[in-house]
Each structure stands twice: as structure tokens, then as C-alpha cells.
1. Report the residue count in the stretch 363-376 for those that are in a loop (DSSP other than H, G, I, E, B), in contact with a strand residue (DSSP E or B) (Cβ under 9 Å, 6 or more places away or on another chain) and either in contact (Cβ under 8 Å) with a residue 40 or more places away in the chain or over 22 Å from VAL176 (Cβ atoms) (or both).
2. Give the residue that is surrounded by the most Cβ atoms within 10 Å (Cβ to Cβ), with candidates limited to residues of the stretch 189-226 that are in a helix (DSSP H, G or I) and not small (Gly, Ala, Ser).
3. Assess whether THR354 counts as being crowded, with 22+ Cβ neighbours inside 10 Å and closer than 14 Å to THR528 by Cβ.
4. Based on what the data block shows, is VAL552 in contact with a Leu (Cβ under 8 Å, 6 or more places away or on another chain) and in a strand (DSSP E or B)?
5. Here are PHE751, PHE789, PHE758: which of them is among the aromatic types (Phe, Trp, Tyr) and either touching a Pro at 6+ places or on another chain (Cβ under 9 Å) or closer than 19 Å to SER701 by Cα (or both)?
6. Go over the candidates GLY594, GLY620 one by one and state the one that is open to solvent by 10 Å² or more (accessible area, probe 1.4 Å), of a type outside the set (Lys, Arg), on the phi > 0 side of the Ramachandran plot and in contact (Cβ under 8 Å) with a residue 12 or more places away in the chain.
7. Checking GLN718 against (1) at pLDDT 90 or above; (2) out of contact with any Leu (no Cβ under 7 Å at 6 or more places or on another chain), which single condition isn't satisfied?
8. Which is farther than 13 Å from SER348 by Cβ and touching a residue at least 60 places away in the same chain (Cβ under 8 Å), of ARG472, ARG443?
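The values are calculated or read from the model by the stated rules, or taken from the named source; none is laboratory data. Quick caveat, the model's predicted, so the values are computed rather than measured. Neighbour counts run over all protein chains shown; Cβ positions are idealised from the backbone, glycine included. Surface areas here come from the heavy atoms of the whole protein model, side chains and all, with no ligands, DNA or RNA. Shrake-Rupley method; radii C 1.70, N 1.55, O 1.52, S 1.80 Å.
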Amino acid sequence: MNWHSITYQQIAESLDTDINKGLTFSEAKKRIAKYGRNSLVQKKKQGIFIKFLMQFKDFMVLILLVAAGISFFTAFMSGEGDFIDPVMILLIVVLNAIVGTVQECRAEKAIDALKKLSSPHSRVIRNGKIENIPSDELTAGDIITFEAGDMICADCRIISSSSLKADESSLTGEAVPSEKHDGILSENTPLADRHNMIYSSTFITSGHGTAIVVETGMNTQVGKIAEMIDREESPETPLQKSLAKTGKILGISALGICVVIFILGVIQKVPPLEMFMIAISLAVAAIPEGLPAVVTIVLALGVRKMALHRAIIRHLPAVETLGSASVICSDKTGTLTQNKMTVAEVYSADKNKTLELSALCNNSILHETKVGFRAEGDPTETALVTACADGGVSKNQLEKSYPRVHEVPFDSKKKYMITVHRYKSGYREIIKGACDVILPMCRHEKTFSGIADINRSRITFMNNSLAQRAMRVIAVAYRDFERMPSESELERELTFSGLIGMTDPPRPQARSAVEMCRKAGIHTVMITGDHIITAKAIAKEIGIYKEGDSAVTGNELDLIPQRELERDIYKYTVFARVSPEHKVRIVKAFQSRGAVTAMTGDGVNDAPALRCADIGCAMGISGTDVAKNSADMILTDDNFATIVEAVEQGRGIFENIKKTVHFLLSSNIGEILTVLCAFLLKLPSPLLAIQLLWVNLVTDSLPALALGAEPAREDIMQKPSDKEHGIFSGGAGRSIIIEGCFIGALAFLAFTIGRVYFDINTGRTMTFAVLSISQLVHSFNLKSEKSIFKTGISGNPKLILAFLTGIVMQISVISVPFLADIFKAVSLTAFQWIIVAILSMIPLLVVETEKFIISKQKFHKNILKKC
């Protein structure tokens, strides 16, 4: 119901309550029993055990479980009792499931944080008396009283008020407290402009009043947000989609290998059990069981690195999602701006005098600290006091010199505040408020040459000029008396002192960060609960709003169908006066166009959109618990520029994950083809099972992790990838297959040379060495798209260490007698080691040649474009 569009008397009649006496305790008890308590509810949660089981539904996880079972069966049937591989696979799967369960539990804390927003007690009129009751016992029809500092625990319609203001920033996103009154508003008034309502989870910053409770629990505005949080689900990240696709490809490939090999073996009359074990061994080799662990570790390293850059990641996949971000929907207040009202301009013949007057006609408190001043109170008034103190004059000093003797409090209807002070041998009245109200009271103005008749048209023009620049304008005037003035004398014959323009200034780094996003191809938009004029002015100042862009309000959004919004979404860069529902619509519109969308926010009103976005970024300083627990990332400095830094880090991490996956899969393909070719040619197996497992151990661990630590390239902030830009995009899938085939061919060549010119055991040992060392060499191919001779190898010491460690390990299992016995290898001669070294280096030479050809092609294309 539109409670703001009818009188409070009509509401009282509709809710059957007495404005003066309130409800009786018995009637309140009946209503609570009928409508429920004033608390937030949610759908039934899944137990931890169910959450744990749900982690195993992923296709890749199922494949790994099958691989573990197959590996266990193979080890058991072989009689060697080597169960290390299946145990490690199971440990990886269980660890990933535990991490996923913990993440889900954290996400559910969002609704719990909303529950905690309720104040423990509220003052309510019951049976004609003011009672202090638990807030969850409030019900529709209750009459409540409140004053500055109180938290509102239900949605209420104001009955009476005095100088009442409420901080609704957590609900509407507007930085300046909202002035409240008991008037009637139109039905289509936006939430942030409903000045005759006070809402659950907001705070009273000044004044006092009474109101009638109209909505409680899940029917309140904050309750509707809680319902949206419960309903919205975080979309899958690009990495999750890529890995899921990879899992399916590997699973189908493994099954295909099993079937093909088994059928061929049966045709060749190989014993079925032996054939089954060979097929199973190849299938297990096709699954890079270290992949989930390596990806998890790379992401975890990225999380630690981002924490050093003031970005705390709550969900591991969010690290790479940042790298894919193509749209950033940013809140204005506190993210792009400083969330601190500041005096930006003073229009006066005596600026210091005007600021001193505004500091005297002021109820904020100035605390003097060792490092300066700290003001406490209404944001507008604290801005005035702080500006005066910065100019060298403290409000406390002024009040000692000119003590206050009378006050007319600010009233939202009158739009001004008056104070009277002892001044020299008499009294001085000071008034501050809206220019259009104070100007008619003035007869004179302070000019550079003294006191003169007032020029109202010039002052009005200047007031409009400041307002058009999205400033909050305060007019200041005064009048001196020889005696204490009467009330009737306070509103006439005043001397105009000046205009003070205030604004919530942009963060210093905001403009450069927005420009960096523009260069990187990231579309940045502002979403705010503030007025559209203010929003456009700030957006224009920091470079979000450009000529030709469009801005839209929440009311206008309501008239735009979702399909039309999706079509035109990139036309808009500013969304003002929006509700939580609008924010979700905006995010979904960008997502429908294939954008990977990041959403920033700090308030309760931002939580549903944070959950809905591909990545939600909450503010660590000003953010509510609800926003933080709904987000994927928390910015510890509340700075938009930190998001851009995190995007850069995310891109580097995602590229490293691509390199790691590329390396692991190409290596596994090489292993499969080596064994498969020998089998198809009816040759002895070139690798024994224990040797195959060792190669996996050497190549799937340290080199893969070292690639994950590769520094990001300098030009990484280029055009962003979209949702289709996955692990196998840009020809990566083709390269993986070709490189895998090449590695397999080299290993098979080593086997052929060893078997033909020496003996079968030497052939297997040479294959064993080439397959392992060539993969270690191949890791340097994936360092960069540029030639290793240009970039060098010193940029990633971890990769060098991993390479040397792998070489030492591989040589040891061949050259150390007792290890050679375990791995059924034979010692190689110097000549044989030379053959191994030459074959192992070929992948580097071939890929370097390919890189040289590609770079030349790009060079010629750039020349043609310039011509």
C-alpha cells in the first residue's frame, strides 16, 4: 500500500489504532499472532552435510572420482599396492568440497546480518503509556516515539516531527540525511524522496517525532531486500564454466580411449583383463588429477597478492572473474566520492566571516585532537565547522567569544535555522538556510566596499549556478541589535553575508581509474540513490558521463520494459534515484548482452545486486555486514581505484591459469599418444605404469605452480574478455593438441631409437627421460607469447627453480641405482643423454620459430594499417 500518499489519520483508521493511546497489549499480542513477529525470515537452509554432498555434482569432480576408483582398481589388480595416486585424487576432491561448503556457509551470513539490523528495543505507546519493548514485538498500528541516535525497526508513517532528519544511506545510497515531515506525497514518489516515511534499518540523526507502524518483518523495505538476497543466486564464473567444459571433454575423451583400446585389444586377441587394465591406465593418464589442486593454489596465491593491494577476496573463483570484467557498475557515495560533505566554494565579500557565522549558527560538535579537528553531527553542519577550523578559527573559540543565548531550530518547512549570540556591546542574530527563503528577509549585503543595498538578482543567479553544479547551497545572513531581539524581528532587515556551496567530492584517484577502465575497454556506469543532477555532475567530473551519454532515473526505468532496457543498456552511464530492484535489473541487462559485470556497493540496498552480479565488490570501511557477506570481494579502502588494480591482478591470474591448464593438458596428451601409438603398432609398451605416474608427478606439480606465479605482462590492461573468452579461446585448444602430439611424437621417436639401436629397456628409459624433460622445457614456451630470447627467463625465478628441480629428480631416478631399480630404468651413456637432450629441446626451438613467424605477421599487418 502507498502509505506515503494518504494522511496519517486515514492510516490510523485503516489500521484501527488510536494515535494518542496506541494499541493495547492484548490487541498487539493478537496482531503478532496473526501477522507474525517483526523479524526477517528465510527459506529453510540446507544442512552442512547436504551442502558438502552438493559439491560432488560437478562433472569434473565426478570424473575425478571415477579416475580415483579406476586407479585404485588398477593398483589392486597389478599387485604392486601403489595407492598413492587414488589417495591423492580423493584428498583433492574432498578438500575442494570442504572449501566450497565453507564458502556457501559464509554467503548465508548475509541474511543473518540483516536480522541483526533490528534494534533490540523500541519506544512504543501502549495503553496510553510509553513502553520500552523488544523491537520484534512491534506490529502494524503501533505508535512509536524516537529521537536523535535512535534506530528505526519498522516502516512507519510520520505523525509529528521537529527538525527531524534520518540517515537512509544504507537503504537509498544518499549521503545527506533526509529531512522528514508529516505531509502527503504523490503515489509515484521514489523511495528516497518519501519524506513522510521512516524505514527499518535507518537512523535518526537529528530532531524527534512520533510515527505509526505500517509494515513489519518481511513486508518492510529491508525485508523485501532480504527476500531478494535469498532469491538471487551468484552466476557461474568464466573459470567455472571453462573448467566444467574441460571436465566434460576429458571425461568423454577418457571413456572414448577406454572403449577404442579395449575393442582393438579384443580384436587383436589380447587377454580381456590385461586389455582392460591397459585401457584404464591410459584413461587415468588422460585426467590431469593435479588440475583442480593447481588451479586452487594459483587462485589462493592471487588472493594473497590482492590482499596486499587492499582487496580481500571471499570466493576463490572471483579472482579470475575480475580479469574478465567488461562492465563496472559503481555506487557513487563513498566509492567514487569521499562520502564526506565538504565546502567547495564560498561566494562572499568576506569568505572567512561567512564561514565563522555558519560555524556559530551550528549544532555540530568540534573535537580538537592531536592531529587536528574532528567534527560530529549533521554532515552539512560538520562540513561548515570543518571549513572554518581549516581557515584557522575554531567553533569552540567562537562560542566562547560569542555565547549563544537563543535558538530557533531548523525546520523542514521553514528551511532555516536562527541563533542569537552576545556580540560586543549587544546581540547578533545569525541565520542560515535555503537561499530562496533567506533572501527575501535581507535588505542589505556585505560587499568589498562595505554594507550596501542588496542585489537579489545577482545573488539568485549565483545560487542557481552553484546548484546546477550539483552543490548543496546554504545562504548566511545576520543582523546586529543593541538589545535582545523579539521573535518578530528575527526574519527582517537582515544583512546578507554570502553563499556556501558544498559537495561530496570525488576521490582523488577516481578520474584516473575511470580513464584506465576506458582504455582497457571496460564500460563504467554510476548507480546511485542520489538526485540525477548531482549524479550527472559527479559522473561528468570524473569522466563517466560524456557527451552523447544518457542518464535515467528510477521512475523512468519503471516505464522501460526489460527487453528494451537490455537493447539500450550501453547508452546509459548514470542511473539515479534507483531502488534495489532497479539495480538488479541493470545488472541483469548488462549480463544479457554477454557482459561480465562487477557491482560495487556498501549499503543494505546494494546487497541483492552484489549477489546477482558476476562479481560483487563491497566496501570494507563504510559497508554494512549485509553488503560484505553478499559480495565476492571487499575493498579495505572503499576506493574505486582499488577495483581497477584488482582487475589488472585478476587478468594476470586468469592468464596464468590458462598457461597452467595449457601446460598440463598438452603434457597429458603427449603421454597418452606415446603409449597409444606403440599399442596401435603392436609394439611393446614404451612406458611402465610406475614411470607414467612419475612423469605426471614431475610435470603436474612444480612447473605448473611456477607458471601460476608468472608476473603479469605490462600491456595486460587491453580490451577485456567476454564470457566466451575461456581457457581454450584464441586457438589455445588447437595449440594444446598440436603441442601434445609433438611431445608424444618426440617421446615415441626416443623409444624407437633406443629400441632399434640399443635394447627395449634402454628405449623405455630414453622415452621416460624425453617425455619428462621435454615437458619441463615446454613450460618455458608458455611463459609469454613473446620470444623467450626477448623476455628472458629471469622474470620468474620460481619457474627456473621448478625446471632445475625437475631435471635433478628425473636424472636421479635414472642414474641412482636403487631408484633406477624402483622405476625399472637403466643407466644411460653420455651419447644416449645427448640424444635425450636434443629431442627434449626441440619443443622450445619449434615454438620459438612459430612465435617469430607470428610476430613478423603482426608487424606487417600494423604497417599495412598505418599505410
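1. Residues flagged as in a loop (DSSP other than H, G, I, E, B), in contact with a strand residue (DSSP E or B) (Cβ under 9 Å, 6 or more places away or on another chain) and either in contact (Cβ under 8 Å) with a residue 40 or more places away in the chain or over 22 Å from VAL176 (Cβ atoms) (or both) within the stretch 363-376 amount to 1.
2. Filtering first and then ranking leaves VAL222.
3. In short, no.
4. In short, no.
5. After applying the criteria, what remains is PHE751.
6. Just a single option satisfies the conditions, and that option is GLY594.
7. (1)
8. It is ARG472.
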